[in-house]
1. Acidic (Asp, Glu) and in the same structural domain as Val275 (by TED's automatic domain parsing): is that true of Glu229 in this structure?
2. Considering only residues of the stretch 52-69 that are buried (at least 16 other Cβ atoms within 10 Å of the Cβ) and in contact (Cβ under 8 Å) with a residue 40 or more places away in the chain, which is nearest to Asp92 (Cα to Cα)?
3. Just to be sure, is Ser207 closer than 23 Å to Thr82 by Cα and out of contact with any Gly (no Cβ under 9 Å at 6 or more places or on another chain)?
4. Hey, among Ala280, Ala302, Ala294, which residue is in the same structural domain as Trp253 (by TED's automatic domain parsing), surrounded by 14 or more Cβ atoms within 10 Å (Cβ to Cβ), assigned to a strand (DSSP E or B) and not basic (Lys, Arg)?
5. For the stretch 305-314, enumerate the residues that are among the β-branched types (Val, Ile, Thr) and surrounded by fewer than 23 Cβ atoms within 10 Å (Cβ to Cβ).
6. Take the residues in the stretch 200-235 that are in a loop (DSSP other than H, G, I, E, B) and of a type outside the set (D, E, K, R); name whichever of them is farthest from Ile265 (Cα to Cα).
7. Out of (1) touching a Ser or Thr at 6+ places or on another chain (Cβ under 8 Å); (2) over 17 Å from Lys11 (Cα atoms); (3) among the charged types (D, E, K, R), what's the single condition that is false for Lys85?
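The values are calculated or read from the model by the stated rules, or taken from the named source; none is laboratory data. Note that the structure is predicted; figures quoted are calculated from it, not measured. Please note: Cβ atoms are built from the backbone with ideal geometry, for glycine as well, and neighbour counts cover all protein chains shown.
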Amino acid sequence: MHRKIFNKIKKYNTIVIARHIGPDPDALGSEIGLRDIITHTFPHKKVYAVGAPTAKFKFIGALDKLTEEIELKDALLIVLDTPDKRRIDGVDVSLFKESIKIDHHPFIEKVCDIEWIDETSSSACQMIIELCLKTKLEFSKYGAERLFIGLVADTNRFLFNSGNESTVKIFDLTRYLLSESKIDVTPLYADLYMRSINEMKLQGYVSQNMVVTDNGVGYVKLTDETIKEFNVDAASAGNMVNNFNFIDGVLVWLMISEDVKQKIIRINIRSRGPVINLIAEEYNGGGHKFASGARVSSYEEAYQIIEKLDEACKKYKENKKGGKEDEDK
């Protein structure tokens, strides 16, 4: 598979790289990192990283806009970190001559001509590092930095448990990335984890206003009024979900943040046991078993998600008490 993907990259002079809507550091890091690595390896190629920008992660890098002069019918599309067509940001797969999908989410639907899906991988960035290891794609310093940022973000600084074999692979690939690129990781951590005073104040608000259900679902509702009060954006509010990983008695936690500009309500969900992605898929979302997101149009739908997550927590605790593993694991 690695060789097949490399050969397609080598073949095309025009390549467009896309990822999912509402990007996180892994989506942006893999997209921008791969763009830089391809142009470093093949300087004559025109490579575009597309999709809507986000102010929260602008430090990761700038994105490109497709113009009418770019002949998509003769171009290769690479879709990263996205399991289904409806979540691809900025492009129509059908307009390209050929397409490739590289993704670590559970399979939902076939999107591209060539698909490399690895659910055991921690991130799309990890898969791009592996692609470089297995082919003649050469790391650029800038590209390697973007991949490191995405890898660290999606593993939450290597805290998430991927199983022994997968964890060893993550560290092996990280060691390879660092030894090949010689990047300095200290300023990258500073960029990724720097927080404004306003965000820290909002975090205090979240801590004081989190509601916990009887079965261990913790949630906070952040209205547009509240978000404006703390002078942050909806994306920043939603990404705060990763700051509440270790609360005793909370198995699943979510941030419900209103995004007036997009006319949606963002729901970021995390779990320490119950499987959550199947529930997220019912509400215009999806993701991993223990890290998912959804987008709904009303608070009524948001509370439906909470009810279903609460039931999932109840079943999880019953199975655990009875000595059974969660049937969805």
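1. The answer is yes for Glu229.
2. Among those residues, the one meeting the criterion is Thr54.
3. No.
4. Ala294
5. Ile306
6. Once the filter is applied, the top-ranked residue is Asn215.
7. Condition (1) is where Lys85 drops out.
This table checks each residue for (1) surrounded by 18 or more Cβ atoms within 10 Å (Cβ to Cβ); (2) among the hydrophobic types (A, V, I, L, M, F, W, C).
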{"site": "Arg87", "(1), (2)": "yes, no"}
{"site": "Val91", "(1), (2)": "yes, yes"}
{"site": "Ser99", "(1), (2)": "yes, no"}
{"site": "His104", "(1), (2)": "yes, no"}
{"site": "Thr135", "(1), (2)": "no, no"}
